[in-house]
Amino acid sequence: MTTPLAATLDVPGARLHYEVRGRGPVLVLIHGGAGDAGVFHEIAGPLAEHFTVVAPDRRGHSRSPLVPPGGTPRVAEHSDDIHRLIGELTDEPALVYGSSSGAVVALDLLARHPERVRTVLAHEPPVLGLLPDAAAYRRLFDEVRATHRREGAAVAMRRFLTGVGLVDDTWEMPPLSQLPPTLRELMERMAANEPFFLEHELTEITAYEPDTDALRKAAGRLLIGVGRDSTGQAPGRMGAALADRLGLEVTELPGGHTGYVEDAGAFAARMVELLGDGGLTA
């Protein structure tokens, strides 16, 4: 596994931690949910054989503190962060992969800063407003937030994950003591991120309305990814709804909503297939 070079970048309102591996065209990986750069550990090594892989902790997550602390970052702030990060690393447009809420950030980046992007692969962006049953999910997320305040992050996260179909009632997280050290450290950081995600990001990210006019103009540089195993799950449905709205075909990816963890080897190979020649062209 390629050892990453860790660095920081000061941006308005935050200090971004990011990790760099490999050589070649810049490929930025944007995490979702309560994650951080560490969620891409398993795919970063194979991808680094083809790309300069850059994985930041989004502002407010893990090692990227808000400066000063507090507040709810807007999607535009996250995408501006990626815009500045790309400019720090290269003079050329970058390849961008975004997972879940990271996919929303990638869409906003493409819509607002198209000059910074060569190809975006947006994996199941939670563009909730495109679903016919969006109101039911908004009620669910309000309930999740109330549960967090009443019963804590662990209970609320379980309610969230079961409510959107990512896990079932039998799912149990293995004890941290049984996990390898790197994964244990990641899970500890993610647990620490959960209150921020539940209180500040869940409703903010899912309220985002993509600029479909701008995205149609950039459609030659956009892939909407949906996991092979995501059929019927809310995130997969949202990704498919966005592709339909933009007149694009869905790009199938291995696994489900977190295929980069579930089947890392196949997922990395699929990304190389999609992006290895620079991806799509405008």
Seminar exercise, completed: When (1) surrounded by 22 or more Cβ atoms within 10 Å (Cβ to Cβ); (2) at negative phi; (3) in contact with a strand residue (DSSP E or B) (Cβ under 8 Å, 6 or more places away or on another chain); (4) not β-branched (Val, Ile, Thr) are applied to GLY60, the one that fails is (2)
Seminar exercise, completed: Counted residues in the range 236-245 being in contact with a strand residue (DSSP E or B) (Cβ under 7 Å, 6 or more places away or on another chain) and either farther than 19 Å from LEU166 by Cβ or among the basic types (Lys, Arg) (or both) come to 1
Problem set entry | Where a residue in the range 180-192 is touching a residue at least 24 places away in the same chain (Cβ under 8 Å) and of a type in the set (Val, Ile, Thr) and its partner, wherever it lies, is in a helix (DSSP H, G or I) and surrounded by 14 or more Cβ atoms within 10 Å (Cβ to Cβ), with Cβ under 7 Å and at least six apart | THR182/HIS41
For this session: Please name all residue pairs, on different chains or six or more residues apart, with Cβ atoms under 8 Å, provided the first residue is in the range 137-158 and is at positive phi and the second residue is at pLDDT 95 or above and assigned to a helix (DSSP H, G or I).
Result: none
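One line per residue, one yes/no per condition, for (1) at pLDDT 95 or above; (2) closer than 23 Å to GLU188 by Cβ; (3) not aliphatic (A, V, I, L, M):
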| position | (1), (2), (3) |
| --- | --- |
| GLY38 | yes, yes, yes |
| ILE43 | yes, yes, no |
| THR52 | yes, no, yes |
| ARG58 | yes, yes, yes |
| ASP81 | yes, no, yes |
| ARG84 | yes, no, yes |
| GLU88 | yes, no, yes |
| GLU92 | yes, no, yes |
| SER99 | yes, yes, yes |
For this session: Please go through the range 243-273 and pick out each residue that is in a helix (DSSP H, G or I), of a type in the set (D, E, K, R) and closer than 23 Å to ASP36 by Cα.
Result: GLU262, ARG270
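Identify, please: which residue in the range 238-257 is of a type outside the set (Gly, Ala, Ser) and surrounded by 21 or more Cβ atoms within 10 Å (Cβ to Cβ) and is, among those, farthest from GLU209 (Cα to Cα)?
Selected residue: LEU253.
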Problem set entry | Positions within the range 201-215 being in a helix (DSSP H, G or I) and either closer than 20 Å to LEU109 by Cβ or among the β-branched types (Val, Ile, Thr) (or both), in sequence order | GLU201, THR203, GLU204, ILE205, THR206, THR212, ASP213, ALA214, LEU215
Problem set entry | Index of the failed condition, GLY225 passing every other in (1) among the small types (Gly, Ala, Ser); (2) under 20 Å from LEU140 (Cβ atoms); (3) outside any helix (DSSP H, G or I) | (2)
Problem set entry | helices (runs of 4 or more DSSP H) contained in the range 47-156 and holding at least 1 residues under 21 Å from VAL26 (Cβ atoms) | 75-89, 101-112
Exercise. Restricting to the range 66-96, what's the tally of residues that are over 12 Å from HIS200 (Cβ atoms) and in contact with a His (Cβ under 9 Å, 6 or more places away or on another chain)?
Worked result: 5
Seminar exercise, completed: Selection from the range 1-32 of residues under 20 Å from LEU121 (Cα atoms), in contact with an Asp or Glu (Cβ under 8 Å, 6 or more places away or on another chain) and among the small types (Gly, Ala, Ser) yields GLY22
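Does ALA240 satisfy being within 27 Å of ARG112 (Cβ to Cβ), touching a residue at least 60 places away in the same chain (Cβ under 8 Å), outside any loop (DSSP other than H, G, I, E, B) and among the small types (Gly, Ala, Ser)?
Values: within 27 Å of ARG112 (Cβ to Cβ): yes; touching a residue at least 60 places away in the same chain (Cβ under 8 Å): no; outside any loop (DSSP other than H, G, I, E, B): yes; among the small types (Gly, Ala, Ser): yes.
Spelling it out, it is not the case that ALA240 is within 27 Å of ARG112 (Cβ to Cβ), touching a residue at least 60 places away in the same chain (Cβ under 8 Å), outside any loop (DSSP other than H, G, I, E, B) and among the small types (Gly, Ala, Ser).
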Exercise. Given the conditions (1) more than 15 Å from LEU27 (Cβ to Cβ); (2) of a type outside the set (A, V, I, L, M, F, W, C); (3) touching a helix residue (DSSP H, G or I) at 6+ places or on another chain (Cβ under 9 Å), and given that TYR260 satisfies all but one, which numbered condition is not satisfied?
Worked result: (1)
Exercise. So which residues in the range 16-38 are in a loop (DSSP other than H, G, I, E, B) and of a type in the set (A, V, I, L, M, F, W, C), if there are any at all?
Worked result: ALA34
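The values are calculated or read from the model by the stated rules, or taken from the named source; none is laboratory data. Quick caveat: nothing in here was measured; it's all calculated off a predicted structure. Please note: Cβ atoms are built from the backbone with ideal geometry, for glycine as well, and neighbour counts cover all protein chains shown.
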